[in-house]
1. Tell me whether region 430-449 contains one or more residues that are of a type in the set (A, V, I, L, M, F, W, C), closer than 22 Å to residue 161 by Cβ and outside the structural domain of residue 374 (by TED's automatic domain parsing).
2. Can you confirm whether residue 491 is in contact with a Ser or Thr (Cβ under 6 Å, 6 or more places away or on another chain), outside the structural domain of residue 202 (by TED's automatic domain parsing), outside any helix (DSSP H, G or I) and of a type in the set (Asp, Glu)?
3. Filter region 423-453 for residues that are part of a strand (DSSP E or B) and in contact (Cβ under 8 Å) with a residue 60 or more places away in the chain and give the result.
4. Filter region 131-152 down to residues that are surrounded by 14 or more Cβ atoms within 10 Å (Cβ to Cβ) and either under 27 Å from residue 101 (Cα atoms) or more than 29 Å from the chain's Cα centre (by Cα) (or both), then give me how many there are.
5. Just to verify a result, which residue in region 427-458, among those that are out of contact with any strand residue (DSSP E or B) (no Cβ under 8 Å at 6 or more places or on another chain) and among the hydrophobic types (A, V, I, L, M, F, W, C), is farthest from residue 486 (Cα to Cα)?
6. Residues that are touching a residue at least 40 places away in the same chain (Cβ under 8 Å), more than 25 Å from residue 487 (Cβ to Cβ) and not small (Gly, Ala, Ser): does region 106-117 have at least one?
Amino acid sequence: MSLPKEPRQKMINVMYLVLTALLALNVSSEILNAFKTVNESLINSNKSIDEKNQTIFNSFKQELNQAEKKQIASIWLPKAEQAQKLADDMIQYLAGLQLTLKQDSKLEMVDGKEKYNEDNLDAATRLFVEPGKAKGEELRQKLTEFKTKILAIDTAIFNEFSTTLPLNLSIPQSSDNKIGKDDWAFSYFHMTPTIAAITILSKFQNDVKNSEAQIVEFCHKKVGEVQIRYDAFQALVGQNAEYLMPGAELRITGGVGAYSKASLPTVTIDGAIVPLNAEGVAEYKASAGNPGTYSKKVRVSFKDQNGKVQVLEKEVKYTVGSPTDITVSADAVKVLYIGVANPISITGGAKGAESITATIDNGSISDKGNGKYEANVETPGKATISVSSDGKTTPFNFKVKRIPSPQPMVGQSAGGSISVNTFKAQVGVRAELIDFVFQGIKYDVTSFLLVAQGKGFQSGEFAQNRGAYFTPEAKAIIEKCKAGSTVVLQDIIVSGPDGSRKLDGVVAFNLTP
């Protein structure tokens, strides 16, 4: 374009050229927000992996105190700790690079939160690509060294993971074969916005965490292969009485018919662990409370001779009598739930059921005849049902809770390792109430965010899904998944009898061959 001689027109043309250049360099806010969403998902996924690994290490420590497992646990625990140390060092190195990027993009704290130029196109290029700093090649060498060292911990680990470890260090394929085709750092970081470069580093952190998790779990399974032989016997579940008066002692015992002193059972009553006595039996004691009919859920878990976990469950029911001969019981549980009609039985009184009246201070209660009532409660906390008969009123206290949050599931899996072909064969996400006392209570999934990263993805992809079934956008992402990919479901919204709610946390699926 030739420039006119008139000064004013020259200035206008120069300003147009400058504006065009600025527009060419501009990165849309939608793209930046997409990278931020993926980066946050990767951070949440890493936290979930850390929690899983901590659970395994706690199990390792318990196994060191078990005679049958101590020897083999002392061999495999150090190997798992070595994998953890290599991963922690690599994570710290990657975090340092992320901080440097933020600082080069004018990092500052505003109201306690980090703020920096997320769309800066120069910081990543200077740090990883430009000659002199050479951080790009250093990063690749350190990732390669991490992969080599973690596979070298043990021959069995190398044989198991040499081709499946979720850490791909090949050069990404560029749409322009002339640009960066032989330069790993150039392919990832040249003219990349700061938030995108940080997300790429988070992706590498996630690969490192997944590698650590797979090897730690592998080491733990090696300990679980110990054979257990039973050498003592004891009754399963018993109770001292089925009918008690207020203040009387309720005693429940729980154990397994055959158990190993080196691998004692775990006994829980209403979800709380009960310590074992010298005979390997859990003994629970409690004072009977208000009149009514109650139940306790006893759960006994142990490993059989093949090392497989077995679970025995039993519901212990008992009745607490009333000085007025009136009893009130929840037909289903001792807790009243919001959003459902809780069946109640009221019996007793000298003049029969027709002389009984009942009120509740949290919600409403209706008489269904023959001593049967239904209570509908509104506010979490507690509710008191007051029963009047023969001029006397007796209060009965109940806890009031919301229906437990359902478990998001894909197929038969609630997260963790799953075959990539099995995952691809699923049609959507459902919400299951696990072991909830009321039957027929249903929650529908109304929306969720699907994020995929790892093998098959350079920097992660995501889709906002409406409804329970995978949308075409979500299916397209799932079809790209391979063994070594990680799919995360978060921001899951469900709808049920008590309204809509957002489920806490995320559900991560590690896809395997």
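1. Within region 430-449, none of the residues are of a type in the set (A, V, I, L, M, F, W, C), closer than 22 Å to residue 161 by Cβ and outside the structural domain of residue 374 (by TED's automatic domain parsing).
2. So residue 491 does not fit the description; no.
3. Kept after step one, since they are part of a strand (DSSP E or B), are these residues of region 423-453: 428, 430-432, 443-453.
Within region 423-453, 431, 449, 451, 453 meet the criteria.
4. So in region 131-152, the residues surrounded by 14 or more Cβ atoms within 10 Å (Cβ to Cβ) come out as 134-140, 142-143, 146-147, 149-151.
Okay, now just the ones that are also either under 27 Å from residue 101 (Cα atoms) or more than 29 Å from the chain's Cα centre (by Cα) (or both), so 134-140, 142-143, 146-147, 149.
Number satisfying all stated conditions: 12.
5. Taking region 427-458 first, the residues out of contact with any strand residue (DSSP E or B) (no Cβ under 8 Å at 6 or more places or on another chain) are 435-437, 439-440, 458.
From what's left, among the hydrophobic types (A, V, I, L, M, F, W, C): 436-437.
Working: 436: 30, 437: 34 Å.
That would be 437.
6. So the first thing to find is which residues in region 106-117 are touching a residue at least 40 places away in the same chain (Cβ under 8 Å), and the list is 116-117.
Filter once more, so that each one left must be more than 25 Å from residue 487 (Cβ to Cβ): 116-117.
Those left that are additionally not small (Gly, Ala, Ser): 116-117.
Within region 106-117 (the criterion being touching a residue at least 40 places away in the same chain (Cβ under 8 Å), more than 25 Å from residue 487 (Cβ to Cβ) and not small (Gly, Ala, Ser)), the answer is yes, since at least one residue qualifies.
For (1) among the aliphatic types (A, V, I, L, M); (2) closer than 26 Å to residue 142 by Cα, each residue gets a yes or a no:
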residue: 81; (1), (2): no, yes
residue: 85; (1), (2): no, yes
residue: 94; (1), (2): yes, yes
residue: 116; (1), (2): no, no
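Here's the yes/no breakdown for (1) outside any strand (DSSP E or B); (2) over 21 Å from residue 437 (Cβ atoms); (3) modelled with pLDDT under 70:
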position: 302; (1), (2), (3): no, yes, no
position: 310; (1), (2), (3): no, yes, no
position: 322; (1), (2), (3): yes, yes, yes
position: 329; (1), (2), (3): no, no, yes
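The values are calculated or read from the model by the stated rules, or taken from the named source; none is laboratory data. Quantities reported herein were computed from a predicted structural model and do not represent experimental measurements. Virtual Cβ from ideal backbone geometry, glycine too; neighbours counted across all protein chains shown.
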